[in-house]
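Notes for the one structure printed next.
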Amino acid sequence: ITGLCGAGKSVLSDYFLDHGYKYLRFGQITMDEVLKRGLPVNEANERFVREDLRKQYGMAAFATLNLPKIEELLKEGNVIADGLYSFEEYKVLKEKFGDNLAVIAVFASPKLRYERLGNRKVVAGDTNVRNRPLTVEEGRSRDLAEIENLNKGGTIAMADYTILNTKGLDFLQAQIKEVFDDIEK
């Protein structure tokens with residue numbers, strides 16, 4: 001799954017999870033590294049770590065680092081991987097999995113995403129910090145960094161499916177079901 005922050009990637013991945021898919025969150029590497037380094041969880045530290053890992057391992061870092069986890073999960077069934085970032089990661093996964101890879105982009109306008117991000121609540125016991133709130137400024141800054149520094153636009157442009165999360169939950173769920181059914185054919 002690819003898309004900018006607040007687009008609805010978590011809702012999409014939860015649907016697949018509820019239908020028997022195994023789950024991997026690309027960005028968990030970032031959160032684990034932020035905590036490992038003893039840094040506070042915030043957008044600035046997450047960005048620093050995301051970009052630092054790519055300096056160390058290249059622009060395909062998260063695909064490369066997650067590949068063993070994906071392969072292990074595939075032994076148990078189909079996998080939904082949430083949070084594909086860079087185009088280089090897309091290319092690594094496409095080369096590895098070919099036509100068995102389906103990329104789903106979730107889109108919502110910046111205004112709508114920033115509103116959603118601001119309304120997020122930290123969930124008690126969420127040690128993965130999966131759905132944390134961001135201010136409008138943090139959301140905008142993250143968007144620009146992901147597009148300019150992480151080559152995220154290419155993953156969205158090359159997606160096999162695009163879901164528009166521009167209306168209510170029923171509208172989103174109907175599109176997710178349609179994509180899910182098509183993938184399961």
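The values are calculated or read from the model by the stated rules, or taken from the named source; none is laboratory data. Values in this document were obtained by computation on a predicted structure and should not be read as measured data. Counting neighbours? That spans all protein chains shown, and the Cβs are built from the backbone with ideal geometry, glycine included. Ligands, DNA and RNA are excluded from the accessible area calculation, which covers all protein heavy atoms including side chains. Shrake-Rupley method; radii C 1.70, N 1.55, O 1.52, S 1.80 Å.
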Next item on the list: Output the number of the condition that GLU89 fails; it satisfies all remaining conditions of (1) under 15 Å from the mean Cα position of the chain (by Cα); (2) exposed (fewer than 14 other Cβ atoms within 10 Å of the Cβ).
Entry: (2)
Notebook entry, point to check: Being within 28 Å of LYS177 (Cα to Cα), loosely packed, with under 14 Cβ neighbours inside 10 Å, of a type outside the set (Asp, Glu) and at pLDDT below 95, is that true of even one residue in region 61-83?
Noted result: no
Check: Going through region 144-173 one residue at a time, which ones are modelled with pLDDT of 95 or more, open to solvent by less than 60 Å² (accessible area, probe 1.4 Å) and farther than 19 Å from GLU88 by Cβ?
Finding: TYR161, ILE163, ASN165, LEU172
Checklist line | Enumeration of residues in region 23-59 that are open to solvent by 40 Å² or more (accessible area, probe 1.4 Å), more than 23 Å from THR135 (Cα to Cα) and touching a Leu at 6+ places or on another chain (Cβ under 8 Å) | finding: TYR23, TYR57, MET59
Checklist line | Residue list for region 128-185, filter: over 16 Å from the mean Cα position of the chain (by Cα) and of a type in the set (Asp, Glu) | finding: GLU137, GLU138, GLU148, ASP170, GLU178, ASP181, ASP182, GLU184
Margin query: Checking the structure you have, find out if any residue of region 113-126 is open to solvent by 30 Å² or more (accessible area, probe 1.4 Å), charged (D, E, K, R) and over 25 Å from GLY8 (Cβ atoms).
Written below: no
